[in-house]
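The values are calculated or read from the model by the stated rules, or taken from the named source; none is laboratory data. Worth saying up front: this structure is predicted, and the values here are computed from it rather than measured. Heads up, the Cβs are rebuilt from the backbone with ideal geometry, glycines too, and the neighbour counts pull from every protein chain shown. All accessible areas refer to the heavy atoms of the entire protein, side chains included, with ligands and DNA or RNA removed. Shrake-Rupley method; radii C 1.70, N 1.55, O 1.52, S 1.80 Å.
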Amino acid sequence: MISIHELSKEFPTAEGPILAVDRVSFEVQAGEVYGLLGPNGAGKTTTMRMILGLLRADSGYAEVAGYRSDLRGDDVKRQVGFISASSGIYQWLTGREVLSFFADVYGLAPTEAAERIELLSNLLDLRTFLDRRCATLSTGQRQRVNLARALVHDPPVMIMDEPTLGLDIVGSQIIFDYIELLKQQGKAIILCTHQLDQAERICSRFGLLFRSRMVREGSLDELLADSNYKSLVDLFIALIQKPNAIDAMAAARN
C-alpha cells in the first residue's frame with residue numbers, strides 16, 4: 001500500500017548543505033500501523049512531506065496505493081488522509097461546515113458527505129460541538145475535527161504526525177482508539193509520535209530514524225530482542241545517547 005524507495009533530501013544552508021533524509025526505505029501494508037519514530041531533527045517530517053508529494057525528493061521515490069508521489073502527486077493526495085498537530089482549521093466555520101467543505105473538495109455527493117459526517121461525528125464524539133464555530137473549541141475538540149476532516153473522504157492511507165500533541169489523556173485515548181479502528185478496517189497508517197507507550201500498544205512495526213537514516217526496523221519484539229532493552233522507551237533513549245552500543249549488540253547477534 002505504501003512503498004518508500006531510497007528517499008533522500010538535502011537542504012542548503014549558509015554553513016553548507018544539510019542532509020535531512022538519507023536513503024530511507026520502508027513499506028507499510030494494508031491493516032498495518034507503522035510507527036515512524038526518532039528524535040527531533042531525525043528527518044520524520046521531511047520524509048512525510050516527500051511521501052505526500054509536498055516536497056520533491058533529491059533521489060528515490062514514494063509510492064502510495066499504486067501512485068508515485070513524484071509523478072502523480074494529486075492522485076496520491078486523494079488516497080491519503082493527513083493529520084498533524086500543526087494543521088489548522090477555519091476559525092469562523094463550524095466543525096460541520098469544515099467537514100462539508102472538505103467533502104466537497106474531495107468530490108463527495110451531498111448525501112454521501114452527510115452520511116460520512118454523521119458516522120465520524122458518532123465515532124469521534126463530535127456531536128456536542130459539531131455546530132459550534134471552531135474558534136470556540138478546545139485543543140482536543142479541534143484535533144478531533146481535524147481527524148474527521150482527514151477521514152471524510154474515507155482514504156485507504158493515513159499519515160499522522162503527532163496527532164495527540166497538546167491533548168489530555170482522554171483526548172489522546174480517543175485518537176488512539178480510532179487509530180485501532182482504522183487498522184481493523186484495513187487502512188495503511190504511518191504514525192509519528194513521541195508517546196512511545198501508546199505506540200508500543202498500537203503499532204505493528206517500527207522504523208527508527210536517527211541522524212537522517214533508518215537505523216532500526218521491525219516489530220517491537222524484534223527490536224527489543226535485537227538490542228537487549230525491555231521497552232521501546234529504553235531503546236529510544238539508548239539510540240540517542242549511545243547508538244554505537246546498539247550497533248554492537250545487533251552485530252553480535254548476527
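Kirkwood radius and radius of gyration were both taken over the C-alpha atoms of the stretch 97-136, and their ratio Rg/Rh is 0.98. Within the accessible area of the stretch 1-102, what % is carbon and sulfur when the probe is 1.4 Å and the other protein chains stay in place? Looking at the stretch 1-102 in its full context, I get 51 percent from C and S. Taking the three principal axes of the alpha carbon atoms in the stretch 1-134, the coordinate ranges are 50, 33, 24 Å, sorted in descending order. The relative contact order of the stretch 68-179 comes to 40 percent, based on Cα pairs under 8 Å that sit 6 or more residues apart.
Over all pairs of different C-alpha atoms in the chain, the reciprocal of the mean inverse distance, the Kirkwood hydrodynamic radius, equals 19.1 Å. Extension gain for the segment Glu222 to Thr13, taken as residue separation times 0.36 nm less the Cα-Cα distance, is 71.4 nm to one decimal. Using a cutoff of 8 angstrom between alpha carbon atoms and counting only pairs six or more residues apart, the relative contact order for the stretch 41-94 works out to 24 percent. Normalised Debye scattering of the stretch 112-200 at q = 0.15 Å⁻¹ gives log10 I(q)/I(0) of -0.55, counting only Cα atoms as equal scatterers and leaving out solvent. Here the contact order of the chain, divided by its residue count and restricted to Cα pairs under 8 Å and six or more residues apart, works out to 25 percent. Remark: the stretch 116-190 carries 39 Å² of accessible area per residue (probe radius 1.4 Å; ligands, DNA and RNA excluded). In the chain, helices alone account for a calculated mean residue ellipticity at 222 nm of -12500 deg cm²/dmol, with every DSSP H run of four or more residues adding -39,500 (n - 2.57). Ranking Phe206, Phe176, Leu126 by Cα position along the charge dipole of the stretch 116-254, where only Lys, Arg, Asp and Glu carry charges on their C-beta atoms, puts Leu126 farthest toward the positive end.
Annotation: extensible slack from Asn122 through Ile237 equals 37.6 nm (criterion: 0.36 nm per residue apart, minus Cα-Cα distance). Among the trypsin sites (Lys or Arg not before Pro) found in the stretch 1-93, those both in a DSSP coil and sparsely packed, with 14 or fewer other Cβ atoms within 10 Å of their Cβ, are Arg56.
Counting lysine pairs in the chain whose alpha carbons fall under 22 angstrom apart, excluding pairs fewer than 8 residues apart on the same chain, gives 9.
Once the Cβ-Cβ distance of Leu93 and Ser138 is raised to the sixth power relative to R0 = 22 Å, the FRET efficiency obtained is 0.85.
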